[in-house]
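The values are calculated or read from the model by the stated rules, or taken from the named source; none is laboratory data. Everything quoted here is computed from the prediction, not taken from an experiment. Note that we place each Cβ from the backbone using ideal geometry, even for glycine, and neighbour counts take in every protein chain shown.
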Amino acid sequence: MNLTALDYKGFSSDTKKLSSYESTNVTVNKIFKKSNTRFRPSSTTTITTTTTNTTTNRSCKVRCELGESIDEFHEKSWRSPEGVVRCSANYVPLSPISFLERAADVYRDRTSVIYGRIKYTWEETHRRCLKLASVLINLGVSRGDVVAVLAPNVPAMLELHFAVPMAGAVICPLNKRLDPNMISNLLEHSESKILFVDCQLLHVAEEPVGILKKMDLESPIVVVISEPDFTPTGKYDYESLVESGVTEFSIIRPINECDPISLNYTSGTTSRPKGVICSHRGAYLSAVSSVFIRDMRETQSPTYLWTLPMFHCNGWCFTWGVAVVAGTNICLRRCDPKDIFNNIVLHNVTHMDGAPAVLNMIVNSPVTDRKPLPHNVKIVTGGAPPPPTVISKMEEMGFRVSHIYGLSETYGPGTLSSWRPEWERLNLEEQVKLKSRQGVKVLVMEEVVVKDPVTMESVKRDGKSIGEVMFRGNMVMNGYYKDLKATKEGFEKGWFEVEIWR
């Protein structure tokens, strides 16, 4: 598998050597009004730059090539039967935007968001997102621009996950726990056009933006997400902008379903953060998969409590997933045990997610903060499995725990410890052991294997043999933003290689 950097038009000089993946953009096409932009290409990136007057056009695309021409590839596969066509009647690029449109049409009066005294229906959320998308265009956002967000789990964060792609742009949720220097680096690297920042995090954002200005680099427009009791400051206020938008806005849909929808930066715990490019197609499929993982049904009116950070892999793509079943999003600014129990009881919460630390926090919470659960609450946890004692205590409290494994490059959950009815007959100790497993591939992941990275032979499934976990399928990222070398290394064996696993 070869990877090639393409020019602005997206074609190499050898027009015969194109793949069926040729239109996949893993970075964004940008048009800058200043010739002295802050882009500093690395040695691994091919850039085509043309200057006309004061405008500079530049972009970098990465695509997977099959090493043979399109004609040769099709000849080896199959020929389309006479009369078969692909047109607007039978093909529409997949995008999570359609989830919001369906929820607003079919379940328009069903509650979409609850946050304290704030409550919206799906019809109202759809209208707000249309207005916000129209405002983004008025602020100068164009197709492929990056829009960053620094916010906790508040309604605006949910709305921006729809509104930004509706404007044809790419959303970039930033980890609110990062230090100012790192945020500054990510804003520079992503070339974010706009930064939406929560009013309580404004002090966190001011320093990074100030650093960019001191370095004479282009800084993003700052829009403050205010609270009901917050006095707007600065030029742009979120709610004021939403009110100024129009609902007659024509959505700028992806040209190709593999176009970018999100730019998510890895945690950088083992190396510098890398920008993971996620596509409309991958986000769509991952959101659908997430609904199956949580065993949600739209006929059951599910209610989802946001104890998982939305900035983390787009909330495992569930910022879009709740709309699939027209569920209710319960937004939670802070993940606090007392607030968790209060919201579960008050809003009849059925589902929630969280890192093992969240489960640990719940089981070790003061008895005075707890409340009896009205019913079993399904909770998905990811990463390293929680200790068996934590899972056991969660089950005793009325939570039903499922364990997943994944990472930013797989849109969040790539595997699931899928529960089987016959396991209900086992004792609690055996059940906990099974629930702590990484499990099997999720619905739309083509393959997950553990291989010897040298021989590429699969290791034994004995719980002892060590190998490297590898993913392949539609839930694998497009590539790393502005890092062709890292993209090649990740994909060079025809799989996305992750880490040592047993």
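Numerical summary
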{"item": "Exclusive hit being buried (at least 17 other Cβ atoms within 10 Å of the Cβ), of a type in the set (Gly, Ala, Ser) and farther than 19 Å from residue 279 by Cβ, set 458, 392, 408", "result": "392"}
{"item": "Total residues in the range 341-373, condition in contact with a Gly (Cβ under 9 Å, 6 or more places away or on another chain) and part of a loop (DSSP other than H, G, I, E, B)", "result": "4"}
{"item": "Residue 199, sole failed condition from (1) touching a Phe, Trp or Tyr at 6+ places or on another chain (Cβ under 7 Å); (2) surrounded by fewer than 16 Cβ atoms within 10 Å (Cβ to Cβ)", "result": "(2)"}
{"item": "Set 310, 352, 361: member being under 18 Å from the mean Cα position of the chain (by Cα) and more than 28 Å from residue 260 (Cβ to Cβ)", "result": "352"}
{"item": "Subset of the range 226-245 [aromatic (Phe, Trp, Tyr) and within 28 Å of the chain's Cα centre (by Cα)]", "result": "236, 238"}
{"item": "Selection count, the range 159-189, where residues are of a type outside the set (Val, Ile, Thr) and part of a strand (DSSP E or B)", "result": "2"}
{"item": "Residue in the range 408-421 that is of a type in the set (A, V, I, L, M, F, W, C), in contact (Cβ under 8 Å) with a residue 12 or more places away in the chain and not in a helix (DSSP H, G or I) present", "result": "yes"}
{"item": "Enumeration of residues in the range 408-425 that are in contact with a Phe, Trp or Tyr (Cβ under 9 Å, 6 or more places away or on another chain) and not aromatic (Phe, Trp, Tyr)", "result": "408, 409, 410, 412, 413, 414, 415, 416, 417"}
{"item": "One residue from 463, 473 being within 19 Å of the chain's Cα centre (by Cα), over 17 Å from residue 272 (Cβ atoms), of a type outside the set (Asp, Glu) and surrounded by fewer than 21 Cβ atoms within 10 Å (Cβ to Cβ)", "result": "473"}
{"item": "Yes/no for residue 353 being modelled with pLDDT under 95, among the charged types (D, E, K, R) and within 25 Å of residue 177 (Cα to Cα)", "result": "no"}
{"item": "Answer residue from the range 263-304, given it is free of Cβ contacts under 8 Å to residues at least 40 places away in the same chain and of a type in the set (Val, Ile, Thr) and is farthest from residue 351 (Cα to Cα) among those", "result": "270"}
{"item": "Single residue of the range 74-120 satisfying the filter (of a type in the set (S, T, N, Q) and in contact with a strand residue (DSSP E or B) (Cβ under 6 Å, 6 or more places away or on another chain)) that is surrounded by the fewest Cβ atoms within 10 Å (Cβ to Cβ)", "result": "111"}
{"item": "Residue match in the range 99-116 (condition: part of a loop (DSSP other than H, G, I, E, B), free of Cβ contacts under 8 Å to residues at least 60 places away in the same chain and under 21 Å from residue 245 (Cβ atoms))", "result": "yes"}
